[in-house]
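K.L.:
There's a structure below that I have some questions on.
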Amino acid sequence: MPDLVADRVRQLARRSLVTAVVTAVLAATGIVGAGVVGYRASSAQVAEPVTVTVRSEGTHQERRGGRRSRRTVEVRHVDVTTADGRTGRVSSEDLQVGDTARVWRRTDGGAMSEDEPSGLGVGDVLVAGGTGLVGLVLLGVAIGSARRARRLRATDVASSPRVGFALDEEKLRAEPHRVQQRVWHLPLTVTTSEHRRVTTGSSHDLFLEPGADPVDVSAGAPRQWEGRVLHAGLLSTVVALRTSPQAPWWVTDV
């Protein structure tokens, strides 16, 4: 394998390995975060029924209302004692001193309420589910990047599956801006392929920087490309390309 090709392959392999490590860390953070969010949201809703006796009553102030109409209101409460001797406070307009009642006591902090706590809210489910989904997607990217790095390190251009590309001249004529920028954006169509994931007739975009990439564009965008598939993933395909048997190989993504 020419040194230029080998260096480029090693560069792509290192980049894929870094991507795998970073996304794996982010994936683990997302999945653990989803578990923590879900656990905290669910544990905050877990409560047990307890019997209490009202010992005294009083009032306290609470902030209520929406963001634009928040106000401070005075709320009546009663101080209670449970059968096991624990004390607490319940907001209530009806309970009187000496009454015995059944209330709900949260298991996480001991807060008491006359009303049974509801289950997980829609917001809790969306946050936990969304965080977990992002974590799983990142995990998939990490696994794919690790596989790509491993395969690129073991690749050999000569023995890799052959592939042929043709310039989609009709599309290029309809979108001339593709070759009017510093980096060309060439539309290619697969004409032949020995790789099961690179199907004949499929379209790919090739980014080419004239003068920087080892491709002769003195006569314009090359119409035919000979290639080898080094790695075909879900997000991109790594190929070695050249415009003729005498031209040097160029390793890039399509």
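Just so you know, all these numbers are worked out from the coordinates, no wet-lab data involved. All values derive from a computational prediction rather than experimental measurement. Please note: Cβ atoms are built from the backbone with ideal geometry, for glycine as well, and neighbour counts cover all protein chains shown.
K.L.:
Per the Kirkwood definition applied to all pairs of different Cα atoms, how many angstroms is the hydrodynamic radius of the stretch 162-254?
P.N.:
13.4 Å
K.L.:
Using per-residue counts of other Cβ atoms within 10 Å, averaged over each peptide, order 219-231, 189-201, 54-66 from highest down.
P.N.:
219-231, 189-201, 54-66
K.L.:
Wrap a convex hull around the Cα atoms of the stretch 179-225, take a quarter of its surface area, and give that in square nanometres.
P.N.:
Hull-based average projected area comes out at 3.7 nm².
K.L.:
Now, a different point. Could you work out the local net charge near Thr192, counting Lys and Arg as +1, Asp and Glu as -1, over the other residues with Cβ closer than 14 Å to its Cβ?
P.N.:
With Lys, Arg at +1 and Asp, Glu at -1, the neighbours total +1.
K.L.:
Taking just the C-alpha trace of the stretch 47-114, give me its Rg and Dmax in Å.
P.N.:
Computed over the Cα atoms of the stretch 47-114, radius of gyration and Dmax are 13.2, 43 Å.
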